[in-house]
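Take a look at the structure set out below.
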Amino acid sequence: MRFKSLLGLLKNLEIRVKIPIFGIGCGVLGLSLRDTSIKLGEYASRLLRALEYRGYDSTGGVFQDEKGNITLLKDVGAPSTLVKTLGIEKQAGKIFCGQVRWATFGAVDKVNAQPHRVNCRRNIYGAHNGNITNTRELKAFLSKDGHTVMSDNDGEMLVHAIEHYFDIELNKLSRKEQEIKQNRLESMRLAIQHAAKQAVGSYAAVVVDPQTETSWAIKSGSSLYFGIGIIDENRFCLASSDLTSVLRFTKDLINLREGEFVEYSADNYQVYAQKDLIFRHVEKDDEIYKSGQKIEKKTIRSKLRAEDTELMPPFEYFMDQEIHSEIESTGKLIKMFNGGSNTGRRMREFLHKNGFDKQLVKLSDKITTGSKFSQQSKLYEEYINSEESGKFFQAVENEYISIFNELVKENFVDKYFFSSEKNLFIELAGSEFDKKRLLTSKALDSLVEIIDVKDFSDKVDLFIKLLKDTAKAKGVVYSIACGTSYHATKIGAQFFNEIAGFEIIPILPGDFRGEYSHSIKDSDLIIGVSQSGETKDLIDIYNDIIHSELKVTRAVIVNNVNSTLGQEKSDVAIPIFCGPEIAVPATKSFINQITIFYYLAIKTAEMKIELLRENNCCEKEITRIEEKLSLHIDNMQKIPQLLEATLASTDDLINELAKKIYLEPSIHLLATKISGVAMEGALKIRETVLNHSEGREASEFKHGPNTILGKNTVFGMKSLRSLYKNIVNVIDEVEVEAKKRGISDKEVGKIIREMFNFTYSQIMPFNLSKEGTQLFKDMVGKGNDFECMFRNYPLIYITGPEERDVNLTISQINTHKIRGANTYVIAEYNEKLFQD
């Protein structure tokens, strides 16, 4: 809060605070039912609330019934409130198009809220998620052509542009031809392609032609998911910006890639190319499509369960739940490093010993290659009811059931299923989880697990080979990422440096484009890091490299290997296996990213030893690396236990620290050497409580940023509380002294106003009596006292255990605390740190 804001506060003597929910961009929805349903509003409300984390500035929905009646409901506010107040919950119909908005183009008002219904020449409606950067130019183009543009919102410009070209295409036909459904559909496809050429930016959108009751979902650089299913005996198709919202309705998905759009009603769907597309693959021929060309797609069944996306007791917040899930997610990742889980290995040994492995391998292959759950369930049930299954369970009871009874006490399903197909096997076992079904599913899971382990190991081996080839060719390795993933790459670079003596340059996409894009050469290696695999800035960099035709190798570290980066842009994609990340601030994915960097650094050190020996290099260097390796391998195994111990032992300390820094307007996190940790910590504070925080390398703080210490103009609620108390005390003192001197109440008010005016203008009043002027002079020093507002500034230090880092941190602490800083330290226990 600056002095001008403070002046406004003093004039009004009131504080108004608005604390918004954090948003990450808009969300768009498109639901089409086969039959009209009185529950459409209920479905719409569930979907809109599921997308609230993506935007709360405004909420809206269009509903269409079987007679073609269209109802548009939208206003400023969050879905959790507006689904009731707008009457969204009570709507009936068969088509719904919805949107939650995190405002970019256009003010936060009802006019700019989405969806938009446009009817200048053709009646259509729609909404989008994303940013169209040439919104101003599109508005001018549409207005000049005679369209009535109602808002400044880029969503309207997109829908309006599609209407513009839809009308042009239809006008090429006779009136009679325009009424033919296939002609209208073809015209809309062409309109979507024309609009894509005009719109600059990235977006996902849903548009609807009410006459044909057909919707189009467009993926052009922003996230979009599409599912089909049946709800309340009513077939549906659903498009959404958020995967978890789709999973609440169906697990049958159609994978959409960037540059594709899907045309759909409840009963049919068809995917098309929005523009000329080339999908490049490492292990098969490139896919090439012309704009408007059909793209055949089969449904895939999601490997996630709805339960994986729910908030579970005892947690009240997704972020808290996911922080505690780090123990399990890192544990599963390390089991992958070690060649699989102990329980999986034990089950496979049991199956092989008793001769059940071959038959169950065949069953597993048939189930996992099936595309329909009904077929998979049939195969599973046939085995459960077979004679062979009876033999399997009898053998289990003889020598494995004691292990099962021991494990089931510890939540068998959540802790002891590890394969990529684990949720499928859990679903097949059913909700009752009798021993025979659960152990059959565990057996199948253990067989798939070893396939996953081999696949992961092969990918890591390929990555290390690419790294080795780059080192031999004296190429450069860059790790490129955004946000949390960028912070992980900075930590990863430190691991590679300290464990393997191997250089990696961590950099943001924009900085890479500005500093290195014209310097890359054949044999360089790019390592992209992205939780979603859909990070637009990173995809743009990969596209630039692909189009350069340089022989630059591309690797990615992703959570979703079926993403754009994982499937289409990389030579190798290494998964981090952290499961769905529901909270907006990344937690599990960050920890798993740095865990996998730690592992890759160890594997790189092993590769470097091999490379040094091939080149007959210094044995001293080889010995140095080998001595470190055993320690790091041992440390890696301890990561889950260390996380668990940290969470268990620091809860009270964290609560105590939170109380001390609560409502502070600004915080700096200062890390000695491990600046990626400080930057990520600062980002988490900004994302969750919205106040300013900054993370940096500690020694840099003294080069300018330390001017924030002592007297400054960064005031928070605690400073305002001190000021308010001071103001009240001064007013009371003026009133008491005025009464002693016989000054009227009317003049007391003038004296108080002039005292606060003097605070800013330093101009003596001329409209007071002689007695009033004297009282003003006696009291004005007290009214002009800002000392009560200045507070020590919070600095959180983060350091590793090395003596040099500890000494540097102590030096920083002493340098800054004398200038007005409150000091907090996150470190392993060290007596010197404790004393300082």
Open item on the list: Checking the table Lys436/Lys603; Lys335/Lys468; Lys181/Lys298; Lys197/Lys454 against a 32 Å threshold on Cα-Cα, which pairs fail?
Closed with: Lys436/Lys603; Lys197/Lys454
Task: Cα-centred dipole magnitude for the chain, charges only on beta-carbon of K, R (+1) and D, E (-1), debye, nearest 20 - done: 1780
Open item on the list: How much accessible area per residue does the range 78-132 have, counting only protein heavy atoms and a probe of 1.4 Å, in square angstrom?
Closed with: 37
Task: Label-point separation in nm, Val108 to Ile654, each point 7 Å along Cα→Cβ - done: 2.9
Open item on the list: Suppose a student asked you for the relative contact order of the chain, using Cα pairs under 8 Å spaced at least 6 residues apart; what percent would you report?
Closed with: 8
Task: FRET efficiency for Glu381 and Asn562, using Cβ-Cβ distance with R0 set to 30 Å, rounded to 0.05 - done: 0.60
Task: Portion, in percent, of the accessible area of the range 538-605 that falls on carbon or sulfur, probe 1.4 Å - done: 46
Open item on the list: With an 8 Å Cα cut-off and a minimum separation of 6 or more residues, compute the relative contact order for the range 141-224 in percent.
Closed with: 22
- [ ] Please pull out the direction-averaged projected area of the range 617-751, using the convex hull of its alpha-carbon atoms, in nm² to one decimal place.
- [x] 15.0
TODO: Heavy atoms only, probe 1.4 Å: what % of the accessible area of the range 157-304 goes to carbon and sulfur, would you let me know?
DONE: 46
- [ ] Send over a whole-number figure in Å² for the accessible area per residue of the range 263-365, probe 1.4 Å.
- [x] 57
- [ ] Report the FRET efficiency, 1/(1 + (r/R0)^6), for Phe766 and Ile818, where r is their Cβ-Cβ distance and R0 is 51 Å, rounded to 0.05.
- [x] 0.70
Open item on the list: Here is the link list: Lys659/Lys817; Lys353/Lys628; Lys84/Lys372; Lys144/Lys172. Which ones come out longer than 30 Å on Cα distance?
Closed with: Lys353/Lys628; Lys84/Lys372
Task: Cα shape, the range 466-622, gyration tensor, a/c 1.5 rule - done: oblate
Task: Relative contact order of the range 495-602, pairs being alpha-carbon contacts under 8 Å that are 6 or more residues apart, as % - done: 26
Open item on the list: Here are labelled values, [x] -0.45, -1.09; [y] -0.36, -1.23; [z] -0.38, -1.09, and one is the computed log10 I(q)/I(0) by the Debye sum over Cα atoms at q = 0.05, 0.10 Å⁻¹ for what I pasted. Which one?
Closed with: [y]
Task: For the range 114-234, radius of gyration divided by Kirkwood radius, i.e. Rg to Rh on alpha-carbons - done: 0.98
TODO: Using per-residue counts of other Cβ atoms within 10 Å, averaged over each peptide, order 654-667, 206-219, 473-486 from highest down.
DONE: 206-219, 473-486, 654-667
Task: Per-pair calculated FRET efficiency, R0 = 45 Å: Ala92 and Thr369 via Cβ, rounded to 0.05 - done: 0.65
Open item on the list: Rounded to the nearest 10 Å², what accessible area does Leu277 have for a 1.4 Å probe in the complete protein model?
Closed with: 10
Open item on the list: Test of the criteria: in the range 58-116, which trypsin sites (Lys or Arg not before Pro) are in a DSSP loop and have at most 13 other Cβ atoms within 10 angstrom of their Cβ?
Closed with: Lys67, Lys110
TODO: Describe numerically, in nm with one decimal, the distance between label points set 7 Å from Cα along Cα→Cβ at Asn792 and at Leu173.
DONE: 7.5
Open item on the list: Using the Kirkwood formula on the Cα atoms of the range 222-264, what hydrodynamic radius do you get, in angstrom to one decimal?
Closed with: 10.7
Task: Largest-first ordering by accessible area, 1.4 Å probe, given options Leu550, Leu158 - done: Leu550, Leu158
- [ ] Give me the percent of the accessible area of the range 657-789 that comes from carbon and sulfur atoms, probe 1.4 Å, all protein chains in place.
- [x] 55
Task: Heavy atoms of Asp652 accessible to a 1.4 Å probe, total area in Å² rounded to 10 - done: 120
- [ ] Could you order Ile334, Ile288 by accessible surface area, starting with the largest, using a probe radius of 1.4 Å?
- [x] Ile288, Ile334
Task: Label-point separation, Leu611 to Ile38 (7 Å along Cα→Cβ), nm - done: 7.0
Task: Solvent-accessible area per residue, Å², over the range 600-680 with all protein chains present [probe radius 1.4 Å] - done: 56
Task: Length added when fully stretched, His352-Glu831, from 0.36 nm per residue minus Cα-Cα - done: 167.0 nm
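The values are calculated or read from the model by the stated rules, or taken from the named source; none is laboratory data. None of the values given here were measured: they were computed from a predicted structure. FYI the Cβ positions are ideal-geometry reconstructions off the backbone, even for glycines, and counts take in every protein chain you see. Only protein heavy atoms, including side chains, enter the accessible area calculation; ligands, DNA and RNA are left aside. Shrake-Rupley method; radii C 1.70, N 1.55, O 1.52, S 1.80 Å.
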